[in-house]
Amino acid sequence: MFDTISSQASKLVKLTSGVKKNYSKTKLLTITSGKGGVGKSTITANMAFLLARRGFNVAVLDADIGLANMQVLFDLKPQNTLFEYINGIKTLDEVITKTVYENVSLIAGKSGYQYTSNKNSFLFSRIVKDLIALNRYDILLVDTGAGLNDYVREFLAVSDNILAITTTDPSALTDVYSLMKMLSLDKNKLMLCFNHTRTHQIGETIANSLVNLGKKNSLREDFMVEYIGNVSTSANISTTGRLRKLFVNEFSTDEITKQLQIIIDKILLNIH
Ligand SMILES: Nc1ncnc2c1ncn2[C@@H]1O[C@H](COP(=O)(O)OP(=O)(O)OP(=O)(O)O)[C@@H](O)[C@H]1O
Ligand SMILES: [Mg+2]
């Protein structure tokens, strides 16, 4: 009798926790920056590898509409891209490409894709929802393009876990502040990572200045900016990128790989 009640109770717990998680185990993290060329795609690809090494099944979606390059970082020539899915020509499974790295899959974008006039249609981000509904991946990383255009906004709109990559360059910081302003209207939190930044402390100091600027300009008080770490500059990052290899795989004991591990620890604590 007790067994029956307890098994019913555990079924109920399973059911309700499923409802809470929207019936999917997949956690979504969207990576963005404002300013271009700050290292979003490089950091995303390397994080995907490290997350997979920790036992997570990871998918990376190249959401840089028009300037996709994630397939280059993973050294792939995918047959299909997210556009074939959006256009209804291919199924979701047909646009998912396995990378050479175990438990890392890529949904590639297409370079040179012409923008359509389908503004605010939520046409592109539908694939994010469908990938989550698949319930196959533990983590879905969405790498957006630069800027805050309609496409980037669309991908940000469907995500509650957002990571901004920036450098200490004043123009990059100005863009990140614009992003903070925009997200503070309807999100609760922004994670912040500083690339090309030698020490954790430098990033932390600048992150605090951004938070103080937000306070001065009356950004919503409960909007949080969480500084999650720094990545130093290394010629080996651009070299491995050019060779179409992943830095963290080639230099697994390097200081930068350790910095990225710290960033991943923080992300895992923060995403829901
Ligand atoms: N920490 C680093 N040290 C050295 N080179 C780096 C570092 N991070 C990124 N790079 C290099 O900077 C260049 C731009 O990086 P990446 O393409 O990842 O930026 P991005 O933000 O994705 O650019 P875009 O806005 O165009 O999408 C690449 O050549 C990459 O190898
Ligand atoms: Mg990029």
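Quick notes on this structure:
- C-alpha center-to-center spacing [segment 174-229, segment 121-163] in angstrom: 21 Å
- R220 contributes an accessible area of around 80 Å² to the protein surface, as traced by a 1.4 Å probe with all chains present.
- Under-5 Å amide H pairs with V60, H placed in peptide plane, nonlocal only: S105, L106, I107, L141
- Point-charge dipole on Cβ atoms (K/R +1, D/E -1) for the chain, about Cα centre, debye to 20: 280 debye
- Filter on K40/K98; K40/K215; K77/K181; K40/K181; K35/K216 - keep pairs with C-alpha separation over 31 Å: K77/K181
- Loop-exposed chymotrypsin sites (Phe, Trp or Tyr not before Pro) per DSSP, neighbour cap 13 Cβ within 10 angstrom, longest uninterrupted part of the chain: 123-272
- Its relative contact order, with pairs defined as Cα atoms under 8 Å and 6+ residues apart, puts the chain at 24 percent.
- Mean ellipticity per residue at 222 nm, deg cm²/dmol - from DSSP H runs of n ≥ 4 across the chain, formula -39500 (n - 2.57): -13000 deg cm²/dmol
- Think of a 1.4 Å ball rolled over the protein heavy atoms: the chain then has 50 Å² of accessible area per residue.
- With a Förster radius of 30 Å applied to the C-beta separation of I262 and N149, the computed FRET efficiency comes to 0.45.
- Gain on full stretching of the segment that runs from V100 to R220 - 0.36 nm per residue minus C-alpha separation: 38.8 nm
- Available extension along the chain between N212 and N135 is 23.8 nm, counting 0.36 nm per residue and deducting the alpha carbon span.
- GNM remark for the chain: springs join alpha carbons under 10 Å apart, and the peak mean-square fluctuation among L213, L73, L131 falls on L213.
- Amide H within-cut-off set for E226, under 5 Å, with H built and near neighbours excluded: L190, M191, L192
- Take the Cβ atoms of N87 and L269, set R0 to 51 Å, and the FRET efficiency comes out at 0.85.
- Backbone phi angles across segment 99-107, fed through the Karplus curve with coefficients 6.51, -1.76 and 1.60 (θ = phi - 60°), yield HN-Hα couplings of 8, 6, 8, 4, 6, 10, 10, 10, 10 Hz in residue order; Gly and Pro are listed as x.
- For segment 39-96, carbon and sulfur atoms together expose 46% of the accessible surface, with a 1.4 angstrom probe and every protein chain in place.
- Around N188: net Lys/Arg minus Asp/Glu count, Cβ-Cβ under 10 Å: 0
The values are calculated or read from the model by the stated rules, or taken from the named source; none is laboratory data. Model, not experiment: these values are computed from the prediction. With ideal geometry, Cβ positions are generated from the backbone for all residues, glycine too; neighbour counts draw on all protein chains shown. Ligands, DNA and RNA are excluded from the accessible area calculation, which covers all protein heavy atoms including side chains. Shrake-Rupley method; radii C 1.70, N 1.55, O 1.52, S 1.80 Å.
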